[in-house]
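For reference, the structure discussed in these notes is given below.
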Amino acid sequence: MSYGDFKTIDEVIDKFSIEVVSEPFIDRLVIEIEDYPFSKIEGKVQDEMSFINEVTICEDIIKPILDLVAEQYSNLFVWSHVPYNVEPNEGLKGEPDYLIAPKIKYRSMALPPLCVIEAKQEKFDEGWAQALAEMVAASKQGAKVCYASVTTGDIWMFGQLENGKSFTKDSRKISATTDLQWVFDTLNWMFSKANEQV
């Protein structure tokens, strides 16, 4: 069993005895992106060809957005599809879409306080199950607060796990096609909170 084998949030909260809290928690921290990269991504999210398959969404939209935010944080690096095996017997293993974490030694990843999951075929519940399992893994390694975003490339949603026991999923859905700056500002706020955990 791996992170991706969890299909519902209920599976994860039952297995790891997590309480679910429903309340808004995300904020915005304004980030200034230079005109050229911003307009390039803006064009991509308006182009239906950027959404033809999962690989295109990751390469054209998600990774470029994450990289631009990560440039503001010298301690954080975007790790894409790297093994993150914490407790394999509990299903806490696999290769997450993106983990945001410091780099240690040569090419080793430190504890990741933030994960980003692509909601494949807009299956947000499955995306959240995987994200929550990854946050549980980070909490088992000592992260007091973990953050996550689940996205289709267009719609972005955000959550957090405190002390490995209290999961909050913000009900707001932010659209990159209608307010890309809001996506950047929210991710920047989340990166800043993740950076505090480093």
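By the gyration tensor of its Cα atoms, with a ≥ b ≥ c the square roots of the eigenvalues, what is the shape of the stretch 60-110: rounded for a/c under 1.5, prolate for a/b over b/c, or oblate? Oblate shape, in that a/c is at least 1.5 and b/c is the bigger or equal ratio.
Computing the accessible area with a 1.4 Å probe over protein heavy atoms, can you report the carbon and sulfur percentage for the chain? Within the chain, the accessible surface is 45 percent carbon and sulfur. Residues whose amide H lies under 5 Å from that of TYR98, counting only those 5 or more places away or on a different chain, are HIS81, VAL116; hydrogens are built 1.01 Å from N in the peptide plane. Amide H contacts under 5 Å for LEU92: GLU87, restricted to partners 5 or more places along the chain or on a different chain, H placed in the peptide plane at 1.01 Å from N.
With the cut-off at 24 Å, tell me which of the pairs LYS40/LYS93; LYS44/LYS123; LYS165/LYS193; LYS144/LYS169; LYS103/LYS169 have Cα atoms farther apart than that.
Checking Cα-Cα distances, LYS40/LYS93; LYS103/LYS169 exceed 24 Å.
Accessible surface calculations at 1.4 Å, restricted to protein heavy atoms, place the chain at 48 Å² per residue. Residue by residue through the stretch 37-47, which ³J(HN,Hα) values in whole Hz follow from phi under the Karplus form 6.51 cos²θ - 1.76 cosθ + 1.60 (θ = phi - 60°), with glycine and proline marked x? Karplus values, whole Hz, x for Gly and Pro: x, 5, 5, 5, 5, 4, x, 5, 6, 8, 9. The Cα atoms of the stretch 49-198 give a gyration tensor whose axes a ≥ b ≥ c have a/c under 1.5, which makes the shape rounded. Residue by residue, the stretch 127-133 carries 3J(HN,Hα) couplings of x, 5, 4, 5, 4, 5, 4 Hz when phi is fed to the Karplus relation 6.51 cos²θ - 1.76 cosθ + 1.60 (θ = phi - 60°); x denotes Gly or Pro. For MET109, nonlocal amide neighbours, meaning residues 5 or more places apart or on other chains whose placed amide H falls under 5 Å from its own, are ILE104.
Return the single residue from GLU95, GLU126, GLU71 with maximal mean-square fluctuation; model: Gaussian network over the chain, springs between Cα atoms under 10 Å. Ranking GLU95, GLU126, GLU71 by mean-square fluctuation puts GLU71 first. The 3J(HN,Hα) values that the Karplus relation (6.51, -1.76, 1.60; θ = phi - 60°) gives for the stretch 23-36 are, in residue order, 6, x, 9, 6, 9, 10, 10, 4, 10, 9, 9, 4, 3, 5 Hz. Gly and Pro appear as x. Projecting label points 7 angstrom from Cα along Cα→Cβ for LYS105 and SER171 puts them 4.6 nm apart. Shape call for the stretch 149-198 from the C-alpha gyration tensor, a ≥ b ≥ c root eigenvalues: rounded (a/c under 1.5), prolate (a/b greater than b/c) or oblate? Oblate, because a/c is 1.5 or more while a/b does not exceed b/c.
Note on the stretch 23-91 and the stretch 155-188: Cα centroid distance 12 Å, given to the nearest whole angstrom. Considering only SER149, SER80, SER108, the mean-square fluctuation computed in a Gaussian network model of the chain, springs between alpha carbons under 10 angstrom, is largest for SER108. Name the longest site-free stretch of the chain, where the excluded sites are trypsin sites (Lys or Arg not before Pro) in a DSSP loop with no more than 16 other beta-carbon atoms within 10 Å. The longest uninterrupted stretch comes out as 29-104.
The values are calculated or read from the model by the stated rules, or taken from the named source; none is laboratory data. Computed from a predicted model, the values in this text were never measured in an experiment. Every residue, glycine as well, gets a Cβ built from its backbone with ideal geometry; the counts of neighbours run over all protein chains shown. Side chains are part of the model used for accessible areas, which takes the heavy atoms of the whole protein and leaves out ligands, DNA and RNA. Shrake-Rupley method; radii C 1.70, N 1.55, O 1.52, S 1.80 Å.
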